[in-house]
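Everything on this sheet refers to the single structure shown next.
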Amino acid sequence: MFIEVKVSGLTIDPLTNTPIVILKDLEEKKIIPIWIGLFEASAIATELEKIAFSRPMTHDLIMEMLRSLGAAVARIEITDLKNNTFFANILLEQGNKKFVVDARPSDAIAIALRANAPIFVDDKVINKSRNIDFGAKISDLDNITKEKLKDFLENLSPEDFGKYKM
């Protein structure tokens, strides 16, 4: 079963300085942190802040190509989590045709934001994300435990997201 989520914000992993996109279910009871690349974080941040550039960036170009082809983003789905790697699909519609495109979640999210398309996460991914091996993402846990990091991520407030620059 898929659960609709929204992008709650972006933050930076305090230990690795890696961007994290924070997804929350619509009731704000479940949180899914996804570590992403700097360029994808920038693409998400610029859309969240509605920053327009004089020339199209990559995700804007993709959206323009879809529009030119008469296709629309119906939704994105984050479908799996394997070995601390998230997997996603972009579901497209063109007339009565439907297409599924494999994508990194960060790219899918950046496109969904531009298309005003809903974002869904498979509930099995939510359950698996509760058991992410943070040690695989964080090389040095000197003064912080995995549990403290989980607590940190789960207790982020909207005010916390504005204090990190991309």
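Which of the residues belonging to the range 57-85 are part of a strand (DSSP E or B) and surrounded by 13 or more Cβ atoms within 10 Å (Cβ to Cβ)? Answer for the range 57-85, where residues must be part of a strand (DSSP E or B) and surrounded by 13 or more Cβ atoms within 10 Å (Cβ to Cβ): Ala72, Val73, Ala74, Arg75, Ile76, Glu77, Ile78, Thr79, Asp80, Leu81. Arg75 passes every criterion in (1) charged (D, E, K, R); (2) modelled with pLDDT of 95 or more; (3) over 30 Å from Arg130 (Cα atoms) apart from (3). Applying a threshold of 8 Å to beta carbon distances and a minimum spacing of six or more residues, or different chains, the list of pairs starting in the range 33-56 at a residue that is surrounded by fewer than 20 Cβ atoms within 10 Å (Cβ to Cβ) and ending at one that is of a type in the set (Phe, Trp, Tyr) reads Thr46/Phe53.
Rundown of residues vs (1) out of contact with any Asp or Glu (no Cβ under 7 Å at 6 or more places or on another chain); (2) modelled with pLDDT of 95 or more; (3) part of a helix (DSSP H, G or I); (4) crowded, with 20+ Cβ neighbours inside 10 Å, yes/no style:
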position: Phe87; (1), (2), (3), (4): no, yes, no, no
position: Lys98; (1), (2), (3), (4): yes, yes, no, no
position: Ala108; (1), (2), (3), (4): yes, yes, yes, yes
position: Ile111; (1), (2), (3), (4): yes, yes, yes, yes
position: Val121; (1), (2), (3), (4): yes, yes, no, yes
position: Val125; (1), (2), (3), (4): no, no, yes, yes
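Within the range 92-101, the set of residues being without any contact (Cβ under 8 Å) to a residue 24 or more places away in the chain, under 17 Å from Met65 (Cβ atoms) and not hydrophobic (A, V, I, L, M, F, W, C) comprises Glu93, Lys97.
The values are calculated or read from the model by the stated rules, or taken from the named source; none is laboratory data. Bear in mind the structure is a predicted one, so any value in this text is a computation, not a measurement. Using ideal geometry, Cβ is built from the backbone for each residue, glycine included, and neighbour counts are taken over all protein chains shown.
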